[in-house]
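Just below is one structure, and these are the notes that go with it.
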Amino acid sequence: MKPRALSMTLLGLACWGGLHAAPETGAVDLDYGEEIYETCAGCHGAMGEGTPDGEYPRLAGLPRGYIEKQLRDFKSRARLNIPMFPYTTERELPEEDLQAVAAYLARIDLPTRLPPLDESSFDALARLQQSKYVVNIAPGDGDPQAGARFYRGECRSCHAADGYGKADEFVPPLAGQHSAYLNRQIRKYRSGERLHADDPTDQEVFQEIPESQVQDLLSYLATLDDG
């Protein structure tokens, strides 16, 4: 099912907080952005929800400027991601298209819980559809309290006290992102495969973080989408 059609079937989702508009940072054609996203939906999910196994990150609700930068880095190969190669050429993703799809994704706000059940008009299929797009990161094996202390000391200044990032500074949320994906990015920062905040000196910082603290951090972040 194409995202536009899906959006219509999930009209109830919007009514309980699932799809409300975020402030725009520039005039773009959001309908065109939605159309472009149809190519991406096969991997990243119809509503940009990603996959729990971490293979594909959640894109819904990420800051528009952050999405734009990542796509430009894919295009320039400053950020290497082989699966993205065919989709991030100038021919396949010109700047106009890049901005449109980024704006479309930034305006999707996935809910963190299902709405109250209305037994008088219960629709099992609609309820199942709604449940697919609820952000609910599974708890990890670490110590969330220890992870909270680590987050406050090392991550909060950039990613905000609530873990939802800073859209005006293009800093992405960590809350609501799949733990397996975050774990994979941390490994890439450690190896130098990917730069953290475009700062090569951060590689050494990540290498000094014990694995146990990484798991504590992920366990804490998994609690931040619980409302």
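Every residue, every condition in (1) farther than 24 Å from GLY54 by Cβ; (2) buried (at least 19 other Cβ atoms within 10 Å of the Cβ); (3) of a type outside the set (Gly, Ala, Ser), yes or no:
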| position | (1), (2), (3) |
| --- | --- |
| GLU95 | yes, no, yes |
| ILE108 | no, yes, yes |
| GLN129 | no, no, yes |
| VAL134 | no, no, yes |
| ASP143 | no, no, yes |
| ARG149 | yes, no, yes |
| ALA161 | yes, no, no |
| PHE170 | no, no, yes |
Would you mention how many residues in region 147-197 are free of Cβ contacts under 8 Å to residues at least 60 places away in the same chain, at positive phi and touching a Lys or Arg at 6+ places or on another chain (Cβ under 9 Å)? 1
Against the definition (without any contact (Cβ under 8 Å) to a residue 40 or more places away in the chain and in a helix (DSSP H, G or I)), how does PHE206 come out, yes or no? yes
Positions within region 141-166 being of a type outside the set (A, V, I, L, M, F, W, C), touching a strand residue (DSSP E or B) at 6+ places or on another chain (Cβ under 9 Å) and not in a helix (DSSP H, G or I), in sequence order: GLY165
Here is a check on your reading of the model: is VAL135 in contact with a Ser or Thr (Cβ under 6 Å, 6 or more places away or on another chain) and either farther than 30 Å from ARG77 by Cβ or among the hydrophobic types (A, V, I, L, M, F, W, C) (or both)? yes
Just to be sure before I move on: is ILE108 among the β-branched types (Val, Ile, Thr), modelled with pLDDT of 95 or more, part of a loop (DSSP other than H, G, I, E, B) and under 25 Å from ASP29 (Cβ atoms) in the structure I sent? yes
Return the residues of region 112-146 that are in contact with a Pro (Cβ under 9 Å, 6 or more places away or on another chain) and free of Cβ contacts under 8 Å to residues at least 12 places away in the same chain; say none if nothing qualifies. none
What tally of residues in region 50-65 results from selecting those that are out of contact with any Asp or Glu (no Cβ under 9 Å at 6 or more places or on another chain) and crowded, with 20+ Cβ neighbours inside 10 Å? 3
Give the residue, chosen from GLU169, GLU208, that is more than 17 Å from the chain's Cα centre (by Cα), over 17 Å from ALA148 (Cα atoms) and in the same structural domain as PHE150 (by TED's automatic domain parsing). GLU208
Within region 88-97, is there a residue that is under 23 Å from HIS196 (Cβ atoms), assigned to a loop (DSSP other than H, G, I, E, B) and out of contact with any Cys (no Cβ under 9 Å at 6 or more places or on another chain)? yes
Do we find that ARG72 is at pLDDT 95 or above, closer than 27 Å to ALA222 by Cβ and charged (D, E, K, R) in this structure? no
Only one of (1) under 27 Å from ASP199 (Cα atoms); (2) in the same structural domain as ARG58 (by TED's automatic domain parsing); (3) small (Gly, Ala, Ser) is not met by SER157, so which one is it? (2)
Please work out which residue is nearest to the chain's Cα centre (by Cα), limiting yourself to region 89-144 and to residues that are of a type in the set (S, T, N, Q) and assigned by TED's automatic domain parsing to the domain that holds GLY50. GLN99
Go through the residues of region 64-75 one by one and say whether even a single one is touching a residue at least 24 places away in the same chain (Cβ under 8 Å) and of a type in the set (Gly, Ala, Ser). yes
Considering residues of region 67-87 that are among the basic types (Lys, Arg) and not in a loop (DSSP other than H, G, I, E, B) only, the residue farthest from the chain's Cα centre (by Cα): LYS75
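The values are calculated or read from the model by the stated rules, or taken from the named source; none is laboratory data. What you see is a predicted model, and the numbers here were worked out from it, not measured in a lab. Here Cβ is always computed from backbone atoms with ideal geometry, including for glycine, and neighbour counts include all displayed protein chains.
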